[in-house]
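The values are calculated or read from the model by the stated rules, or taken from the named source; none is laboratory data. Everything quoted here is computed from the prediction, not taken from an experiment. Don't worry about glycine lacking a Cβ; one is built from the backbone with ideal geometry, like all the others, and counts go over all protein chains shown.
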Amino acid sequence: MKINAIDIELIHFFRRISVPVARVGLFIVFFWFGILKVLDLSPAGPLVERLFNNTVPIMSFHTFIILFGVFEMLIGILFLIKGAERIVIPLLFLHMITTFMPLFVLQEETWSGFMVPTLEGQYIIKNFVIIAAAIGIAAHLHPMRQR
């Protein structure tokens, strides 16, 4: 088999699995991280609490973190459901706005120097990969029908 034929086969294979793999990957990340928050086991809990206390503590943090974890779990589940993309992608972007906030609100905890993120900052910055996966899923949607 020629290298070109192998290349074409691999490209077609990866095209077929790219969206399902992205969906499962996003489900795993969001559901797993969400359930850790619900069970009060998340290593991100202290950072989320500091952000919560510095922004709008409109309820108890305990209630908020459980609701936030359930929200993350919902995002994960919705990524598994074909047809829910137009619901979950806006929810994801809302989540990303809140997730990126510590880079600006808690700079002392997310940056150790100019353009040098702490471990927490790196944890947040990796969300650009999540956004890229969601954009890849959205790119495979069919246009909505006119009514």
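Observations on the structure shown:
- Per-region count, segment 50-80, residues of a type in the set (D, E, K, R) and modelled with pLDDT under 95: 1
- Pairs with Cβ under 8 Å, 6+ apart, first in segment 57-76 and farther than 12 Å from VAL38 by Cβ, second of a type in the set (S, T, N, Q): PHE61/ASN53
- When every residue of segment 82-102 is checked against the conditions, at least one turns out to be in contact with a helix residue (DSSP H, G or I) (Cβ under 7 Å, 6 or more places away or on another chain), of a type outside the set (Ser, Thr, Tyr) and over 30 Å from HIS140 (Cβ atoms).
- Tally, over segment 105-147, of residues that are under 18 Å from VAL21 (Cα atoms) and surrounded by fewer than 10 Cβ atoms within 10 Å (Cβ to Cβ): 1
- In segment 90-147, counting only helices (runs of 4 or more DSSP H) that sit wholly within it, the ones holding 3 or more residues that are without any contact (Cβ under 8 Å) to a residue 12 or more places away in the chain span 127-139.
- Checked against (1) touching a residue at least 24 places away in the same chain (Cβ under 8 Å); (2) within 15 Å of the chain's Cα centre (by Cα), VAL38 passes all but a single condition, namely (2).
- In this structure, LEU74 does not qualify as closer than 16 Å to ASN127 by Cα and either assigned to a helix (DSSP H, G or I) or touching a Ser or Thr at 6+ places or on another chain (Cβ under 8 Å) (or both).
- Scanning segment 36-63 for residues that are touching a helix residue (DSSP H, G or I) at 6+ places or on another chain (Cβ under 6 Å), of a type outside the set (D, E, K, R) and surrounded by 14 or more Cβ atoms within 10 Å (Cβ to Cβ) yields VAL38, SER42, LEU47, LEU51, PHE52, PHE61.
- Subset of segment 82-104 (residues that are surrounded by fewer than 17 Cβ atoms within 10 Å (Cβ to Cβ) and touching a Lys or Arg at 6+ places or on another chain (Cβ under 9 Å)): LYS82
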